[in-house]
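Engineer: The structure follows.
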Amino acid sequence: QVQLVESGGGLVQPGESLRLSCAASGSIFSHYAMGWYRQAPGKPRELVAHITSIGITNYADSVTGRFTISRDSAKNTVYLQMDSLKPEDTAVYYCNKYPPTQDYWGQGTRVTVSS
């Protein structure tokens, strides 16, 4: 069973950056498209970005130009570099396959953007 563990969240001020990591157990990680998702308080979970097994990326309009998704298959890790953070980016961030699989949702990592 694959487990996904997110890390790297925290409290930052608007305009600052964070880098999230998603470490996957299991060698099947490299075969899947992976995504970063987020859920803000009182809102449904939404897709932020995804990356295919060969590195093709796609982003939600709200983060295009500010966030960068990448993957290191040798480390079974997916990253989300978040720059120019805004208060509306405040959410719990999760990684999962793309499209997501219910069994792979982890605890997420909380990102708070506030002055």
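The values are calculated or read from the model by the stated rules, or taken from the named source; none is laboratory data. Just so it is clear, the model here is predicted, and its values are computed rather than measured. Note that each Cβ is placed from the backbone with ideal geometry, even for glycine, and that neighbours are counted across all protein chains shown. Each accessible area value is taken on the protein alone, full model and side chains, heavy atoms only, with ligands, DNA and RNA left out. Shrake-Rupley method; radii C 1.70, N 1.55, O 1.52, S 1.80 Å.
Engineer: Taking segment 104-115 as the search range and keeping residues that are of a type in the set (S, T, Y) and not in a strand (DSSP E or B), which one is surrounded by the fewest Cβ atoms within 10 Å (Cβ to Cβ)? Break it down stepwise before answering.
Structural biologist: We begin by selecting, within segment 104-115, every residue of a type in the set (S, T, Y); these are 104, 109, 112, 114-115.
Within this subset, residues satisfying the condition of being not in a strand (DSSP E or B) are 104, 114-115.
Values: Y104: 17, S114: 10, S115: 7.
It comes out as S115.
Engineer: Just give me the residues in segment 93-103 being open to solvent by 20 Å² or more (accessible area, probe 1.4 Å) and not in a helix (DSSP H, G or I), in sequence order. Give the derivation first.
Structural biologist: As a first pass, look at segment 93-103 and keep what is open to solvent by 20 Å² or more (accessible area, probe 1.4 Å): 94, 97-103.
Of everything in segment 93-103, those that are open to solvent by 20 Å² or more (accessible area, probe 1.4 Å) and not in a helix (DSSP H, G or I) turn out to be Y94, K97, Y98, P99, P100, T101.
Engineer: From the list S30, S53, S62, S84, pick out the single residue that is assigned to a loop (DSSP other than H, G, I, E, B) and modelled with pLDDT under 95.
Structural biologist: Details: S30 fails: assigned to a loop (DSSP other than H, G, I, E, B); S62 fails: modelled with pLDDT under 95; S84 fails: modelled with pLDDT under 95.
Exactly one of S30, S53, S62, S84 is assigned to a loop (DSSP other than H, G, I, E, B) and modelled with pLDDT under 95, namely S53.
Engineer: What pairs come up if the first residue lies in segment 73-92 and is in contact (Cβ under 8 Å) with a residue 60 or more places away in the chain, the second is part of a helix (DSSP H, G or I) and open to solvent by less than 40 Å² (accessible area, probe 1.4 Å), and their beta carbons are under 9 Å apart, counting only those six or more places apart or on different chains?
Structural biologist: What qualifies is M82/D89.
Engineer: While we're on this one: For the list (1) surrounded by fewer than 17 Cβ atoms within 10 Å (Cβ to Cβ); (2) over 11 Å from the mean Cα position of the chain (by Cα); (3) of a type in the set (S, T, N, Q), I need the number of the one condition that Q81 fails.
Structural biologist: For Q81, the failing item is (2).
Rundown of residues vs (1) closer than 21 Å to S114 by Cα; (2) surrounded by 18 or more Cβ atoms within 10 Å (Cβ to Cβ), yes/no style:
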| position | (1), (2) |
| --- | --- |
| L4 | no, yes |
| S7 | yes, no |
| V12 | yes, yes |
| L18 | yes, yes |
| S30 | no, no |
| S53 | no, no |
| R66 | yes, no |
| D72 | no, no |
| N76 | no, yes |
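Engineer: For segment 67-75, does any single residue satisfy the condition of being within 15 Å of H50 (Cα to Cα) and either in a loop (DSSP other than H, G, I, E, B) or of a type in the set (A, V, I, L, M, F, W, C) (or both)? So that I can check it myself, show each step before the final result.
Structural biologist: We begin by selecting, within segment 67-75, every residue within 15 Å of H50 (Cα to Cα); these are 67-73.
Still in the running and either in a loop (DSSP other than H, G, I, E, B) or of a type in the set (A, V, I, L, M, F, W, C) (or both): 67, 69.
Yes, that holds for at least one residue.
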